Amino acid sequence: MDEFFRGLWDFAGDFWWLVFPIMGMAGGIGTAWERAARRRHRRRLETMRVKAELKAAEIQARALAGEPVRGRRKSVGHAESTASVPPRDLLERLMKEHDEITARWLEYELDVAKLIAFPAMSDGRQPLTAAFLRAKKTADALRPASADAKVSEKQISEYFDAVGDYAVAFDVAERDARRLRNSTFTEDERKRLDRAQQLLKLAIDESATQAERHVAYKRVREELDGLIVLSDEAVEVLEKKVARELDARPATDRPQPRPEPRREPGA
């Protein structure tokens, strides 16, 4: 065995210069892997873009027909399509679509469990989430006060496009958030998110005591501090949910008031 290692070191001493091409090969392999990863990411984004375009066509068809499109999706010419529907009907359908997208977004924004599972949906630093938030702002700004509001054809056309962009941006951001999950966090941060998720289950567990839930809720907030920003609305929804679960316990499980001591006659 000693002779083997001695021979190995003699070989390394005579051919030390091979270290450099070997290191170069290793570096080349790492670079090739990175390039392949970038290509996969670009293909994924291209697939999402194509699906988003199909989604936009579906949004147009739904807005114009007033019902979901099943089977093969079809694209509708913008100029003739908006002109073929009465303005009030078109606005009603667009506003309904607008509300449905917002409701889907609020499912993430107000549900702490979903925020922990898919944190990218509330992270404006993520490019696709930022694009969605910009599309939302545009659609909200262009939304008429009501379907009966007096608006021009140009305003209807702009709102029509904005709602389509809003739907597409949400769809793409949601897909990306579900792909990323918590991968953008460090290992320690992911452990904190996992603990927060488990504690959240305890905080709304009907079988837990009030003290256990209170402690669990407090620790959820501590674990998320610095990782995920909870909106005031999300905190309010969570606190109401915890309180509602407490109130929903059977009366026999709730602390009962202590009976007043009986007073003896003449006492």
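Taken together, the values in this text are just the output of simple stated rules run on the coordinates, not laboratory data. What you see is a predicted model; the values in this text were computed from it and never measured. When we count neighbours, we look across all protein chains shown, and the Cβ atoms used for this are built from the backbone with ideal geometry, even at glycine.
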Exercise. State which entries of Lys114/Lys218; Lys136/Lys218; Lys137/Lys241; Lys96/Lys154; Lys191/Lys218 exceed 27 angstrom in Cα-Cα distance in the structure shown.
Key: Lys136/Lys218; Lys137/Lys241
Exercise. Could you give the size of the charge dipole of region 187-250 about its Cα centre, using +1 on the Cβ of each K and R and -1 on the Cβ of each D and E, expressed in debye and rounded to the nearest 20?
Key: 200 debye
